[in-house]
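All remarks here apply to the structure that follows.
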Amino acid sequence: MKKDFHQYMVHFDDFAEFDHTIKQFCRKMERASGLNWRITPAGIDMIKFCEKYYPNWWKITIKQL
């Protein structure tokens with residue numbers, strides 16, 4: 001039995017909510033760690049989560065980050 005172990009328990013109703021939340025979270029991760037958010041453990045988990053559950057929205061948002 002396969003289980004997904006990600007730390008995100010969220011649902012987005014529309015793209016605007018998704019886009020705003022993800023961008024805000026990325027900025028917070030960079031400020032907290034001092035590193036590029038893409039290489040932090042939380043950033044890697046977030047990328048996997050977005051690619052799995054919101055692939056179309058993620059493709060749009062990642063181009064803007």
What figure, in Å² to the nearest 10, do you get for the accessible area of Leu35 with a 1.4 Å probe and non-protein molecules left out? 90 Å²
Reviewing (i) 13.8, 52; (ii) 16.1, 51; (iii) 11.9, 37, the figure for Rg and Dmax of the Cα atoms in Å actually calculated from this model sits under (iii)
Where a Cα-Cα gap under 15 Å defines reach, which aspartates and glutamates qualify for Lys63, not counting those fewer than 8 residues away within the same chain? Asp19, Glu51
Once you keep just the Cα pairs under 8 angstrom separated by 6 or more residues, what percentage relative contact order results for the chain? 33 percent
Hey, with R₀ at 22 Å, roughly what FRET efficiency would Ala42 and His20 work out to, going by the Cβ-Cβ distance, to 0.05? 0.80
Structure-based [θ]222 nm, the chain - -39500 (n - 2.57) summed over DSSP H runs of at least 4, per residue, nearest 500: -21000 deg cm²/dmol
With every protein chain left in place, what is the accessible area of Met29 in Å² (1.4 Å probe, nearest 10)? 20 Å²
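The values are calculated or read from the model by the stated rules, or taken from the named source; none is laboratory data. Just so it is clear, the model here is predicted, and its values are computed rather than measured. A quick note on method: Cβ atoms are made from the backbone with ideal geometry, for glycine too, and the neighbour counts reach across all protein chains shown. Just so you know, the surface numbers come from the protein's heavy atoms only, side chains and all, with ligands and any DNA or RNA stripped out. Shrake-Rupley method; radii C 1.70, N 1.55, O 1.52, S 1.80 Å.
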